[in-house]
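None of the figures in this text is laboratory data; all of them are computed from the coordinates on show. For clarity, every value in this text was computed on a predicted model and none was experimentally measured. No Cβ is skipped: glycine too gets one built from the backbone with ideal geometry, and neighbour counts run over all protein chains shown.
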């Protein structure tokens, strides 16, 4: 595939032509300011091709700079952030920046995952060096083109706001005017990156590129894709997770207006009609019986009981230092607690959907996805087409939170389109979306702490009973593959499985992140993972394992501090001798929140420390609990160190957004299992935080010059323990299960 | 055949009378700015104006709005709309953006009936429109900013 798109010699980007029969190319292409492109005083030659010096940048004769973005925009502001990185090194005019989603090519693979995908808060960190180099190389190329034009040495030329200036004479050429000349010149291999002190764009609160489209209803999400002859399909899924179709009587449904096809597919029964409503109404008329499958009768209570038993056995040791048992035996005081966390749904505002158009010789997929690589692979496997005959078009994502890293909805769209020989858009109802989610795993966690006679924490033992989540993804891909394609898929799967990240997921290490990598120095420390997979599909949920484990650890640390009568802040600081970054973040949050100072009557503070991978976050929550046990969060003060900040506004809104996401799971919602299915199905029984429940949020960025570490998930983990610890301060009741239930705080 | 007034245009449509207005707008008129998210009137993403009243189009059968003036995000114009859009853009309110049509349509009705809403008024009017990304802080600021602009 690589060679079909790139001429390896000149690295020239060739626009892939649109496959005939699919009229329009839809993506999340966005420009900074549409009106500006018409105001240019250059006189572009329409025949001049855009300059494409590398896989990331294209400049047209009007001077418009297009950044090819290999990451999905799901609200985190990545289009703007990556364009800012390029614009900085390119010395571009920000008003002429636009973005375009990347096509499928290995060059666009996320090095963390081995395929093109957005997740793990890796977009900025993985693009940081490459995009700066791409921008700098393009800038130097344009300088060289100007120097040749003027017949002057390169060193007499400077760049500024999308122009090259010849300093001695003051002559100016715009980038667009240099496109033709530059196209024939070699792209520099080695480039010098800007010094941080010269940054004009990176680090500034630049407005997002996608805001205008998102305030006028013109941004195209996956669900908005429209094609000629498009059918819309709904899928009737088995009521019990993992159930199978036994009998189907579609006669009533088939007689409905607009219904075109009713077909069994691997995940249920698909109804394809002219419109969504016709498909949905007809699906309600299907007469179906199901084999319930192995999960029939499974409930959250049964899972819990099983795990309580399993927690008595030791699991896989993920991290160990010192000797926990010996230290516990010698401890002056031992504190023990059991924490439990439920399944959680992603509840993306845009329900899962995918549009596929399978033809004899090609396949196009339009999809709001975090996993272009997996989409590409599965569509090729299901159609039997070569990878270079399958194209994936990334739209805007109406929320992702990890859910859109899975391809179950892609499989459905491709299966149906292939069967009915027409372009098909599959739309899940909200009920489908909640019930067929790949939930944040539930967990059962047992902790013990040993303190010496000076009230110091000398031992911590954390045993977590939980399912992994990556196995499910690999199984899902494998199960969708028919044997005749197996050899090729096996080859690809082998490459995928070899990726370090997959090994990490499979080892159980991923399940205890947030517990095994705590910043506290404790001489005797043991973290064990007991793998228990009851069969409920689970997946990555914003901040993944940190969302569970940081709550558990930070609540338990608070519990230990309270048990020995120490201040929760100073108790933590005493343990942070080896983690200066975390200590600074914690102290910043505490200081900004005026930790230790008096508060209005009835309001209490709680503190917690915990980010996501290399991003450190601390939060102080101010909370009141009324006489009915209802918790109100008044204010959250957060501090964050995420390395170099690309856009401080994005850091601020991502942390605030993470707090809202986390508060829903802290105060309002969970998924419970009964008879092998989720009991919840829509926002009436899976309520999410509303504007009247939104606390004041202040975000303080700790300055840093290290490379960026990611911000899309780091604000989720600390909010639940900060609130729970404040609830303890208010009521004396320790919260060991979420969401917090008012009845648990009474009496 | 029914006749529907949407964004000051009249459309003649062949549609089952119980079809929710949302799907007529999206599937038949191509007005995809109005979003489907819950289908049961819980989330507000599908908010449109019917004779100026904010209305959840996912639970409004199309035969109930025949002869009424329907306005969607694509057709939202006027002083309030302009003030809101400017404030929304200035404050970079949207994250994923999926709920924002519903937010803006709801805020537009709030400002039309109450040009200087308090925080409590904003809570009252806006708490039925869910934002999973959590842009509530920015929504509140933008409504205040638009309100300020309208009163100048």
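Observations on the model:
- Relative contact order of chain A, pairs being alpha-carbon contacts under 8 Å that are 6 or more residues apart, as %: 14 percent
- Shielding by other protein chains, A:681-694, mean Cβ within 10 Å: 6
- Radius of gyration over Kirkwood radius for segment A:94-155, both on Cα atoms: the Rg/Rh ratio is 1.13.
- Averaging 1/r over every pair of different alpha carbons in segment A:321-388 and inverting the result gives a Kirkwood radius of 17.3 Å.
- Sorted by Cβ density within 10 Å, fewest first, the residues A:139, A:260: A:260, A:139
- Packing-based exposure ordering (other Cβ within 10 Å, fewest first) of A:172, A:411, A:303: A:172, A:303, A:411
- Note on segment A:199-243: Cα-only Rg and Dmax are 19.7, 57 Å.
- Normalised Debye scattering of segment B:1-68 at q = 0.13, 0.18, 0.19, 0.28 Å⁻¹ gives log10 I(q)/I(0) of -0.30, -0.58, -0.65, -1.47, counting only Cα atoms as equal scatterers and leaving out solvent.
- Relative contact order for segment A:155-224: 13 percent, from Cα pairs under 8 Å spaced at least 6 residues apart, divided by residue count.
- Descending semi-axes in Å of segment A:263-334, equivalent ellipsoid built from Cα gyration tensor: 53, 15, 12
- Share, in percent, of DSSP beta bridges within the protein assembly as shown that are antiparallel, nearest 5: 75 percent
- Cα shape, segment A:379-454, gyration tensor, a/c 1.5 rule: prolate
- Across all C-alpha atoms in chain B, the radius of gyration and Dmax reach 15.1, 47 Å.
- Listed from fewest to most Cβ neighbours within 10 Å, the set A:711, A:740, A:85 follows the order A:740, A:85, A:711.
- Counting Cβ atoms of other protein chains within 10 Å of each Cβ in A:203-211 and taking the mean gives 3.
- Cβ neighbours within 10 Å from other chains - mean over A:221-232: 2
- Kirkwood Rh, angstrom, segment A:351-418 [1 / mean 1/r, Cα pairs]: 11.5 Å
- Taking a ≥ b ≥ c as the square roots of the eigenvalues of the Cα gyration tensor, segment A:577-689 is classed as oblate, since a/c reaches at least 1.5 and a/b does not exceed b/c.
- Label-point separation, residue A:679 to residue A:336 (7 Å along Cα→Cβ), nm: 2.9 nm
- Bridge orientation summary for segment A:62-174: considering DSSP beta bridges with both residues in this region, about 60 percent are antiparallel.
- Distance between segment B:43-80 and segment A:59-87 - C-alpha centres, whole angstrom: 34 Å
- Under the criterion of Cα pairs below 8 Å and six or more residues apart, the relative contact order for segment A:240-340 equals 28 percent.
- Projection of the Cα convex hull of the protein assembly as shown, averaged over all directions and equal to a quarter of that hull's surface, yields 38.8 nm².
- Alpha carbon centroid spacing (whole Å) that separates segment B:126-152 from segment A:632-698: 18 Å
- In Å, descending, principal axis extents of the Cα set of segment A:262-398: 72, 40, 28
- All alpha carbon pair distances within segment A:309-458 were sorted into 5 Å bins beginning at 0; the resulting P(r) in whole percents reads 2, 9, 14, 14, 10, 8, 7, 6, 7, 7, 6, 4, 3, 2, 0, 0.
- Global form of segment A:536-639, assessed from the alpha-carbon gyration tensor, a/c cut-off 1.5: oblate
- From the alpha carbon centroid of segment A:281-337 to that of segment A:344-405 is 32 Å.
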